[in-house]
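Values in this text are rule-based calculations from the coordinates and carry no lab data. This is a predicted model, so every value here is computed, not measured. Every residue, glycine among them, receives a Cβ derived from its backbone with ideal geometry; neighbour counts consider all protein chains shown.
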């Protein structure tokens, strides 16, 4: 993309209403714009990141054997009355009346609707297990929305629902989700620690939240610092293998890690040596639940067993806050000059800065680099504006592309361009072909 | 995908409430399920088609130089009061009051919101032209929703907005959209004829609708049958080339083609020889508008010109009904046994039917074919259920995959499988390797 043709309305001023880094930087970098309180338009750069995260979530869910579908944003109130949650949700649920005076609502979650689909289409134990999920806009009418997309009212979430015949199978579904979520966050360049959690209004017996450590996190977290050494890395996982998934879950949940809601100081001191005990702030980016038959009993979601009896199915639900993750990624990856995208989620892979726009040789070198990077799938953003070098560097630093190639007449005299890492600030002089090869290496497999 | 692991709740009975083929077949093929009046859940097979159409729309919009972003579903009523459309929309607009008693609405379209973004971020003529678009859920509170996704209340639409400095540039944007829409529909295997249209509540002077011929269409259309001979085919189009885009628009709009709203019988008879005059029914699948300064004046979207004066920008808007297209595709492509997907949009590219599930050799041949087709990117759906052949064929015919490979013990004795076209019903006996090669050829470039 040539910047002269793009729509990237960066702001010079820091917006007064933004209290945290991700909100400030998303506004300044032209990623979002508030449409009304807690509701945002995703401008092209922000949408590109959101879509990238959505793609990663889809790929990892499909890899784990889960099936994508899509439920609507608006739901009938009737199902929520049937489950008994219509009143529980209070004023956070956006209630709507249509032209025929029917009670509707903007879905904050989808347990009722998916259970209704299940009960009307699945009859036999033979059709289990199944995990269905979707990524859809949700609404929660927060009394005081703030922190940009971190606590908005209209937000984008992946929510999945598992249906199993018995507890053992349901626990495997739970484990499969934990492993697929760990993979998802790692691909995004995030370390998200699974922490034992309360179940809240979803209900159930067994739940983990995934928390990203960041000073602006809403939760206080307590953990054994050995947990931050864990990673899945390149392990290939067979998601059908019950023992393999269980072993990974055991590995990642063995070290103490809890939020303030479930923290037990005595247990913490008993289990974790003093020098490994850490407390910090964390941002919640996902949560998984196993809640047994709570909804299947309330809504009559049963299957016929081999002996002809009917049994309510065992259910779990599993959520990733996709729009919130954009904010969490920035909270965990920025400096005073702007965002620093991990390679796995960057909106453009390489930035090109032309130091002398209008100079025939420099323009030609940039055009060739742009064409070559594009052909190599390295999706460059070429700053071809008539601007001073300082303004171009400031924009690149603000929007946070991990790699920048600077092209100027002085370097070109030696046949060289400069490749700079946004994270370390280190630069190298390379031929354009070598710079391209280095970028191709960096992004190989991403 | 193995069917035993998928979620494909096909119906044997024809649902009584469905009056037209696409609604009936989408329910029967397990593509959608009604959540409430005019609001549907997209089950996995339906979602896969919807997502495929969305991807094609994105690819063709980006190819034409248009920039993707995403506006929210809910909007503040204030902007609509400013443009004067809050009252025009009447009861079809779903009006919502939030917990702070602020008036909101579920967006039926986005002229106001995009113009607000534009006026607060773009200042200079140098930043034009720009075309921004998004694909987002919309809501229109139809008094009597019907025909499934063809006239639902919650629907998925691509809407784009162009901003230009003068009429000539705005007409090029209009033409660029017409050409990119023609490409989009052709890739989906649809012939959509551009017809001169009324502008309706969007306003403006200049508009075309795109209509797919189908007996169940809501509009009566009148056209010179020479228009149905036109196609873009493999032409590569330079979307920056004003003359080239204009020539294509001239070519496709020269033959008479109008809906009942703009039809002029005298003109029709004067322009078109009797043997080429046709009337038929058509389904609207898109519309483009050039409306000049209607919204930019109402909302103060101006740019500073070279001489320092301020000028309201010239605007257009352009829509493709993405969820409605799924229905239109089926209306134009089905027979008494089910859907017949064009190759460009099929949810799975090849179906595999195992005639003797449980037989070691047949299962092994199917497993190998499944692995090989998957590796070749031919995304197979393997019916591995313990079902009679007749039931498997009926399911494949109903869901409409364009190509089916049937594997049975008799054929395997000769080293052959059967490749069958859903559209023609013709079959060929081939080795598995040849069948795969044929499918790879068919889908090359799609």
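Binning at 5 angstrom from zero up to the longest distance, how are the C-alpha pair distances of segment B:350-443 distributed in percent?
For segment B:350-443, the pair-distance distribution reads 2, 15, 28, 28, 20, 6, 0.
Counting partner chain Cβ atoms within 10 Å of every residue's Cβ in B:56-68, what's the average? The partial results should precede the final answer.
Values: counts 0, 0, 1, 0, 0, 0, 1, 0, 0, 1, 0, 9, 6.
Whole-number average of other-chain Cβ neighbours for B:56-68 is 1.
Find every distance from the label point of residue B:335 to the corresponding label point in the other copies (7 Å from Cα along Cα→Cβ) and write them in nm, one decimal, shortest first.
With the label placed 7 Å along Cα→Cβ, residue B:335 yields 6.6 nm.
Averaged across orientations, what area in nm² does the convex hull of the alpha carbons in segment B:94-207 project? It would help to have the intermediate numbers written out before the result.
Working: hull surface 39.6 nm².
It is 9.9 nm².
Taking each residue in A:90-98, count the Cβ atoms of any other chain within 10 Å of its Cβ, then average. What number comes out?
Details: counts 1, 3, 1, 1, 6, 4, 8, 4, 10.
Mean number of neighbouring Cβ atoms from other chains: 4.
More than 40 Å apart: what percent of Cα pairs in chain B qualify? Numbers along the way, then the final one.
On the way: 26615 of 99235 pairs.
That tail contains 27 percent of the Cα-Cα pairs.
Would you mind checking the tilt of helix B:111-121 against the longest principal axis of the Cα atoms of chain B, expressed as 0 to 90 degrees and rounded to 10?
It is inclined by approximately 60 degrees.
How far apart, in nm, are two points set 7 Å out from the Cα along the Cα-to-Cβ line at residue A:356 and at residue A:270?
If labels sit at residue A:356 and residue A:270, their model points lie 7.3 nm apart.
As a footprinting exposure proxy, order A:325, B:232 by other Cβ within 10 Å, with the fewest listed first.
B:232, A:325
Taking 0.36 nm per residue of sequence separation and subtracting the Cα-Cα distance, how much length would be gained by fully extending the chain between residue A:297 and residue A:242, in nm to one decimal? Present the calculation step by step, with values, prior to reporting the outcome.
Values: separation 55, 0.36 × 55 = 19.80 nm, distance 2.65 nm.
Stretched out fully, the residue A:297 to residue A:242 stretch lengthens by 17.1 nm.
Please find, in a Gaussian network model of chain A (springs between Cα atoms separated by less than 10 Å), the residue of A:20, A:32, A:352 whose mean-square fluctuation is greatest.
A:20
Taking the convex hull of the alpha carbon atoms in segment A:236-312, what volume per residue do you get, in Å³? Write out the running numbers ahead of the final one.
Values: hull volume 15.7 nm³, N = 77.
Dividing the Cα hull volume of segment A:236-312 by its residues yields 204 Å³.
Assume the label is 7 Å from Cα along Cα to beta carbon: what separations in nm does residue A:233 have to the matching positions in the other copies?
From this label point to the equivalent ones elsewhere in the assembly: 5.7 nm.
Evaluate the distance, in nm, between pseudo-label points positioned 7 Å from the Cα of residue B:229 and of residue A:167 along their respective Cα→Cβ axes.
Going by the 7 Å Cα→Cβ label model, 7.5 nm.
Using a ≥ b ≥ c from the Cα gyration tensor of segment B:27-137 (square roots of the eigenvalues), is it rounded, prolate or oblate, where a/c under 1.5 gives rounded and otherwise the larger of a/b and b/c decides, a/b for prolate? Kindly include the intermediate steps, with their values, before the conclusion.
Details: a/c = 2.93, a/b = 1.18, b/c = 2.49.
Here segment B:27-137 falls in the oblate category.
Arranged by the count of other C-beta atoms within 10 angstrom, fewest first, what order do A:116, A:234, A:397 take?
Working: A:116 25, A:234 6, A:397 21.
Fewest-to-most Cβ neighbours within 10 Å comes out as A:234, A:397, A:116.
Taking 0.36 nm per intervening residue step and subtracting the Cα-Cα distance, what contour gain separates residue B:2 from residue B:304 on full extension? Walk me through the numbers before you get to the answer.
Working: separation 302, 0.36 × 302 = 108.72 nm, distance 5.94 nm.
Extra length available between residue B:2 and residue B:304 comes to 102.8 nm.
Between B:392, B:278, B:413, find the one with the highest GNM mean-square fluctuation for chain B; connect C-alpha pairs within less than 10 Å.
B:413
Binned at 5 Å from 0, what are the whole-percent values of the Cα-Cα distance distribution for segment B:313-366, short to long?
4, 13, 14, 14, 11, 12, 10, 9, 5, 3, 2, 2, 2, 1
As a test, work out the antiparallel percent of DSSP beta bridges whose residues both lie in segment A:18-155, rounded to the nearest 5.
90
Calculated FRET efficiency, residue B:277 and residue B:19, Cβ-Cβ r, R0 25 Å, to nearest 0.05?
Working: r = 30 Å, r/R0 = 1.19.
Approximately 0.25, to the nearest 0.05.
Can you sort A:177, A:334 so the residue with the fewest Cβ neighbours within 10 Å comes first?
On the way: A:177 30, A:334 19.
Placing the least packed residue first, the sequence is A:334, A:177.
Compute the long axis of helix B:242-253 from its Cα atoms, compare it with the longest principal axis of the Cα atoms of chain B, and write down the angle in degrees, 0 to 90, nearest 10.
70
What is the angle, in °, between the Cα long axis of helix A:322-332 and the longest principal axis of the Cα atoms in chain A? Nearest 10 is fine, range 0 to 90.
50
Using alpha-carbon pairs under 8 Å, 6+ residues apart, how would you state the relative contact order of chain A in percent?
Working: 877 pairs, mean separation 73.2, N = 446.
Relative CO of chain A lands at 16 percent.
Kindly identify the protein assembly as shown as rounded, prolate or oblate by the Cα gyration tensor criterion: order the square roots of the eigenvalues as a ≥ b ≥ c, call it rounded if a/c is under 1.5, otherwise compare a/b with b/c, prolate if a/b is larger, else oblate. Provide the component values of the computation, followed by the final result.
Values: a/c = 1.34, a/b = 1.03, b/c = 1.29.
Taking the square roots of the gyration eigenvalues as a ≥ b ≥ c, the protein assembly as shown is rounded.
If you put a point 7 Å past Cα along the Cβ direction, how far is that point for residue B:367 from the same point in each other copy, in nm, smallest first?
Once sorted, the set of distances for residue B:367 reads 5.7 nm.
Starting from the Cα gyration tensor of segment B:174-309, take the square roots of the eigenvalues, sort them a ≥ b ≥ c, and report rounded, prolate or oblate (rounded when a/c is under 1.5, otherwise prolate if a/b is larger than b/c, else oblate). Don't jump to the answer; show the numbers that get you there.
Numbers: a/c = 2.03, a/b = 1.53, b/c = 1.33.
Prolate is the answer for segment B:174-309, as a/c is 1.5 or above and a/b outweighs b/c.
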